[in-house]
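Every read-out reported here was derived from the displayed coordinates using simple, explicitly stated rules and does not represent laboratory data. No experiment lies behind these values; they were computed from the predicted model shown. Note: ideal-geometry Cβ built from the backbone for every residue, glycine included; neighbour counts use all protein chains shown.
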Amino acid sequence: MNPAKTQVPAQPGWFTLDPEAPALLGSRCRKCGTIAFPAENAFCRNPDCQSTEFDQHALSRRGRIWSYTDARYKPPVPYVATDPYQPFCIAAVELADEKMVVLGQMVAGVEAGDLAVGDEVELVLDTLHEDDAHEYLVWKWRPVRPRKEGRG
Ligand SMILES: [Zn+2]
């Protein structure tokens, strides 16, 4: 990240900007405890619950890979692609505590061939795109273990 530029979230309110321990911000229903991400602010997602009151809830920063793939084709707008387009790896990660699955890019340099279902990953922030004054940050998943360690 570039310290000369102002860092702003690409999706305001979806995650903290804590450089050491960023976390996704979901909501927790005050009545039934149902957790949602992105945060819910209208009606509880639990069909048996009528609550409309929620607290902010920071989600687990770690989880395990549930599924993953390489994005070989350039995604549509509003994704800002590199030129020339460089494929990146995306992973669906089951959060450690909430057991919710959250999709995200893997950090640069990680390819699908490096990953396996069940690998532990943690949340980090990285630049999605930038303009003259700002860096727009997004969350990405980073393997907790060094790549390919301990696998046969
Ligand atoms: Zn509820």
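Roughly how many debye, to the nearest 20, is the charge dipole of the stretch 60-143 about its Cα centre, given +1 on each Lys and Arg Cβ, -1 on each Asp and Glu Cβ, and no other charges?
Roughly 300 debye, rounded to the nearest 20.
For residue 1, what charge total do you get from the other residues with a beta carbon under 15 Å from its beta carbon, if Lys and Arg give +1 and Asp and Glu give -1?
My count for the surroundings of residue 1 gives -3.
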Ranked 85, 136, criterion: other C-beta atoms within 10 Å, fewest first: 85, 136
Lysine-lysine proximity count for the chain, Cα under 30 Å, sequence distance 8 or more or distinct chains: 9
Given charges at beta-carbon only (K, R positive; D, E negative), |dipole| of the chain in Debye: 420 debye
By average C-beta atoms within 10 angstrom, highest first, the peptides 43-51, 9-17: 9-17, 43-51
Relative contact order [Cα under 8 Å, 6+ residues apart], the chain, whole percent: 23 percent
The stretch 86-101 - phi-based ³J(HN,Hα) in whole Hz, Karplus 6.51/-1.76/1.60, Gly and Pro as x: 10, x, 9, 9, 10, 9, 9, 10, 7, 5, 4, 8, 7, 6, 8, 9
Antiparallel bridge percentage (DSSP; both residues within the chain; nearest 5): 85 percent
Alpha-carbon centroid distance for the pair the stretch 76-152 / the stretch 43-65, whole angstrom: 23 Å
Distance in nm between pseudo-label sites at residue 70 and residue 20 (7 Å out along the Cβ direction from Cα): 3.7 nm
Net length gained if the chain between residue 82 and residue 111 were fully extended (0.36 nm per residue, minus Cα distance): 8.8 nm
Signed unit charges on C-beta, dipole axis of the chain, positive-most listed residue 68, 87, 11: 68
Whole-Hz ³J(HN,Hα) from phi, Karplus 6.51 cos²θ - 1.76 cosθ + 1.60, for the stretch 116-127, glycine and proline x: 9, 4, x, 4, 7, 10, 10, 7, 9, 9, 8, 7
Volume in Å³ per residue [convex hull over Cα atoms, computed for the chain]: 140 Å³
Amide H partners (placed H, <5 Å) of residue 34, local residues excluded: 29
